1. Does LYS68 satisfy being surrounded by fewer than 17 Cβ atoms within 10 Å (Cβ to Cβ) and either within 18 Å of CYS100 (Cβ to Cβ) or modelled with pLDDT of 95 or more (or both)?
2. Tell me, please, whether a residue that is crowded, with 20+ Cβ neighbours inside 10 Å, among the polar types (S, T, N, Q), modelled with pLDDT under 95 and not in a strand (DSSP E or B) can be found in segment 246-268.
3. Could you please find all residues in segment 11-51 being among the hydroxyl-bearing types (Ser, Thr, Tyr), in a helix (DSSP H, G or I) and open to solvent by less than 80 Å² (accessible area, probe 1.4 Å)?
4. When segment 326-340 is examined, which residues are found to be over 16 Å from VAL149 (Cβ atoms) and surrounded by 24 or more Cβ atoms within 10 Å (Cβ to Cβ)?
5. Considering only residues of segment 329-366 that are modelled with pLDDT of 95 or more and polar (S, T, N, Q), which is nearest to GLY170 (Cα to Cα)?
6. Can you tell me which residue is most open to solvent (accessible area, probe 1.4 Å) among those in segment 135-180 that are among the hydroxyl-bearing types (Ser, Thr, Tyr) and touching a Lys or Arg at 6+ places or on another chain (Cβ under 8 Å)?
7. Condition check: open to solvent by 50 Å² or more (accessible area, probe 1.4 Å), in a helix (DSSP H, G or I), at pLDDT 95 or above and of a type in the set (Asp, Glu). Does GLU54 satisfy that?
8. Would you tally the residues in segment 75-119 being farther than 13 Å from HIS366 by Cα, part of a loop (DSSP other than H, G, I, E, B) and open to solvent by less than 10 Å² (accessible area, probe 1.4 Å)?
Amino acid sequence: MNNKDYLNQLKDEVISIRRELHQNPELSFKEYQTAETITKILTGWGINYKKIGETGVFVDIIGNASGKTIGLRADIDALPIQEEAEVSYRSRNDGVMHACGHDGHTAMLLGAAKLLHEKKDELQGTVRCIFQPGEELDGAAQELIDRGVLENPSVECVVSMHLWPYLPLGTVGVKSGSMTASCDDFKIVIKGKGGHCARPHLGIDAINIATKLVQDLQEIPLKHTSPTQPALVHIGKIQGGEANNVIADIVEIEGTARSFSAPTRQLIRKKIEDICEAAEGLWNATIKIEYIIGAPAINNSLSMTELFKTTATDLLGDTQVYELDEPSMGADDFGYFSEKVPSLYFRLGIKKDNEEIFDLHHPKFHFDDTVLIYGVELYTSIAEELLKRRE
């Protein structure tokens, strides 16, 4: 039986799985029911699985012939968002929603695992399917790596995907090199000296210092990094002050720093620290920085990208495969996998004609279930082709 025949049999089952997951979303590192659903489905299919960490799951589909081991990864967690999408399978968990498509990612990888299991006698090696928790809070991918998810046997490369509301339904987008940015967060606490606004010379105005810091910090990419290396520093939260006639003594600033290269990433952090140190001396304030290192950038392997484009074109047709012009400043902790082994990360389009687009993380985000079977086919086919490839 060829892939198309298997896919036709799987279609309704994969849709049913996705809707069950969508109705029962769970936040990062709390995906207990989600993990139970995944393992129950795998057990029903006769596929052995292993737990990793509290809510991670992986399975090894071992082929009849010896060969390399490659990985397929899907994220399983949801977001703290109240769903507003008008669908019959809305979230049953108040304030929690699959607003980033992870329910779809999980259903597609489960479908691929079943299809690959049915065809395991034809496989030349092993496919490890990784169901990863905690992507939205960062750190889970690194935790799974630390626990050995890329070992025993050694995983030579890993593939992942993300549903994308800016590409037509059923199309794919990919590029070699940078796909997503690294993402580091920071919190700055400015401690000045409170007082009455009528006597500003007797106080140290934390709000005034904060306004100057915000401008200087957000200009770091413009003034201190190469214009050929995209980067950004964004301040998304400022909190301080108690009354309009009081000099604020404490202000907190929170922001994020994103880039595509390790040197630029390191430079941005140093400049943030330098600017805060200089401001501390200039304004006689105390400024503390909490700098949180997050997900690395995702960099697609050139050879894996080219193989994927060929595979996707054979499956979908050349008009359905897009060469992306630029990477995204968004982040995904698949970057931890990309840092360790050659990787491939692609976009799967969900945009429908004459339908309003809702971005990822929007309370009305939704997608047509017909896209799921494309993901199953793409996951399965690229896994088969990677196992066949001899380098």
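The values are calculated or read from the model by the stated rules, or taken from the named source; none is laboratory data. Since the model is a prediction, treat every value here as computed from it, not as a measurement. So basically every Cβ, Gly included, is an ideal-geometry build from the backbone, and we count neighbours across all protein chains shown. The protein model used for the area step is the full one, side chains on, heavy atoms only, and it has no ligands, DNA or RNA in it. Shrake-Rupley method; radii C 1.70, N 1.55, O 1.52, S 1.80 Å.
1. Considered against the rule, which asks whether it is surrounded by fewer than 17 Cβ atoms within 10 Å (Cβ to Cβ) and either within 18 Å of CYS100 (Cβ to Cβ) or modelled with pLDDT of 95 or more (or both), LYS68 comes out as no.
2. no
3. Step one: of segment 11-51, the residues among the hydroxyl-bearing types (Ser, Thr, Tyr) are 16, 28, 32, 34, 37, 39, 43, 49.
Filter once more, so that each one left must be in a helix (DSSP H, G or I): 16, 32, 34, 37, 39, 43.
Listed by number, the residues that qualify are SER16, THR34, THR37, THR39.
4. ASP332, the sole residue that qualifies.
5. The residue in question is SER343.
6. Per the stated criteria, the residue is TYR166.
7. Taking the combined requirement at face value, the residue does not satisfy it.
8. Qualifying residue count, segment 75-119: 2.
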